[in-house]
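All remarks here apply to the structure that follows.
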Amino acid sequence: MTTSAAPTAKPAVVKDPSLFKDLGGLPVIQKVVADFVALMLADDRIKHTFRDTDLKRLDKTLVEQFCDLSGGGCIYTGDPMKEVHQGLQLTNAHFNALVEDLQLAMDKSDIPSHVQNRLLALLAPMQRDTVTR
Ligand code: HEM
């Protein structure tokens, strides 16, 4: 008897690159992330959580993550979301504050709300990995 598995030509995850393009590509993602981090660091609701954070690494990994999620072909080199946020005691209110800051950052780059919502929809499932109380 011969058993031969069919070759799997497709990569495990095929992402639609249209969101990456609609966001404006890497230069816009880099600007959004820079504004996003600045807004979070100025936000009294959540700035305390970043007290001990390597901001250069945060900036780099957020760019990679948003580029990867939107189909831009970047590779996320950060740690798993659950691991990273475990000790931070984050609440839904913290999560909502972060989303507001990201929306403001995307507004600054004139990203239309229907495009913003596509990125936010990809981030929404991460609420359960980041909020622990
Ligand atoms: C969709 C939700 C979120 C995403 C996509 C996200 C993404 C990230 C990424 C990519 C990192 C860096 C990972 C690494 O260094 O390996 C990070 C770290 C961090 N995030 Fe988030 N995050 C989310 C929710 C939150 C929330 C709600 C807060 C607090 C309000 C928060 C606070 C932090 C802090 C303080 C760090 C640095 C941790 C450390 O220095 O060890 N994050 N996040």
Next on the checklist: For region 70-86, give me each residue that is near the ligand (Cβ under 8 Å from one of its atoms) and among the small types (Gly, Ala, Ser).
Outcome noted: 78
Next on the checklist: Just checking, does region 9-18 include any residue being at negative phi and either modelled with pLDDT of 95 or more or not in a loop (DSSP other than H, G, I, E, B) (or both)?
Outcome noted: yes
Checklist entry - Does at least one position in region 27-43 carry a residue that is closer than 19 Å to residue 130 by Cβ, acidic (Asp, Glu) and in a loop (DSSP other than H, G, I, E, B)? => result yes
Next on the checklist: Looking only at region 44-63, how many residues end up being part of a helix (DSSP H, G or I) and either at positive phi or not hydroxyl-bearing (Ser, Thr, Tyr) (or both)?
Outcome noted: 11
Item to check | Subset of region 46-67 [more than 8 Å from the ligand (Cβ to nearest atom), within 11 Å of residue 34 (Cβ to Cβ) and crowded, with 18+ Cβ neighbours inside 10 Å] | outcome: 63
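The values are calculated or read from the model by the stated rules, or taken from the named source; none is laboratory data. On a predicted model such as this, the values are computed, not experimentally measured, just so you know. Counting neighbours? That spans all protein chains shown, and the Cβs are built from the backbone with ideal geometry, glycine included.
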